[in-house]
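Engineer: Dumping the structure here so I can ask a few things about it.
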Amino acid sequence: MNQKNWLQEEHPKQLGKLVGNLHAIESMARIYLAKQQSATRLDIKNIKKGDEVEITPFSDKNSLKKALEDYNNKCEKAGICCCKVKVKEIVALRDALAHGRVFGIAPLQNTPLRLIKFEKYKNDSK
């Protein structure tokens, strides 16, 4: 596969897998939290713009970090510590994807993608 094909086919697939896994982690944590609260199921199929919905782990304004921390706390209280997630690492990865840059280094050699998040300028005047 040449570099052009790799960028058109493999890069989006690999990035999609990563983003998909992050969405799955958040969704599963929120599902678990909703079940712990016996929250009403949101009728996703029929909801319309402007409809009012019950505040649940799906509709609340809690950040990813807060949702994962709540999930870990609930798991710990339930005695299922094997299911805890690494909150700091997951949030950092999601943040880096949102604000960083993804590069394919030597894609024809089947090397992994490289994710770089640059810090804010030390001197804002530059």
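Engineer: Calculate one ³J(HN,Hα) per residue across region 53-58 by plugging θ = phi - 60° into the Karplus curve 6.51 cos²θ - 1.76 cosθ + 1.60, and present them in order as whole Hz with x for glycine and proline.
Structural biologist: 10, 5, 7, 10, x, 8
Engineer: Please give the net charge around Ala24, taking every other residue with its beta carbon less than 14 angstrom from that of Ala24, where Lys and Arg add +1 and Asp and Glu add -1. Each step should come with its number before you reach the end.
Structural biologist: Working: positive: Lys17, Arg30, Arg94; negative: Glu26.
Every neighbour counted, the sum reads +2.
Engineer: Helix 87-99 against the longest principal axis of the chain: what's the angle in degrees, Cα atoms only, rounded to the nearest 10?
Structural biologist: Roughly 50 degrees between the two axes.
Engineer: Would you mind calculating the gained length between His23 and Asn62 on full extension (0.36 nm times residue separation, minus the Cα-Cα distance), in nm to one decimal? Write out the running numbers ahead of the final one.
Structural biologist: On the way: separation 39, 0.36 × 39 = 14.04 nm, distance 1.49 nm.
Roughly 12.5 nm would be gained on extension.
Engineer: Quote the relative contact order of the chain in percent (integer), defining contacts as alpha-carbon pairs under 8 Å separated by 6+ residues.
Structural biologist: Numbers: 81 pairs, mean separation 29.9, N = 126.
Relative contact order for the chain comes out at 24 percent.
Engineer: Taking DSSP loops as anything outside H, G, I, E and B, show the longest stretch in the chain free of chymotrypsin sites (Phe, Trp or Tyr not before Pro) there with at most 15 other beta carbons within 10 Å.
Structural biologist: Details: sites that count: Phe118, Tyr121.
The longest such stretch corresponds to 1-117.
Engineer: Additional query: Loop-only check: which GluC sites (Glu not before Pro) in region 1-88 are DSSP coil with at most 13 other Cβ within 10 angstrom?
Structural biologist: Values: sites: Glu9, Glu10, Glu26, Glu52, Glu54, Glu69, Glu76; in loops: Glu52, Glu54.
Here the sparse-neighbourhood loop sites are Glu52, Glu54.
Engineer: Calculate the spin-label point distance for Phe103 paired with Glu52, positioning each point 7 Å from the Cα along the beta-carbon direction, and give it in nanometres.
Structural biologist: Computed distance between label sites Glu52 and Phe103 equals 5.2 nm.
Throughout, read-outs are computed from the coordinates displayed, never taken from laboratory work. Since we're looking at a predicted model, the values are computed, not measured. Cβ sites come from the backbone with ideal geometry, for glycine too, and all protein chains shown count toward neighbours.
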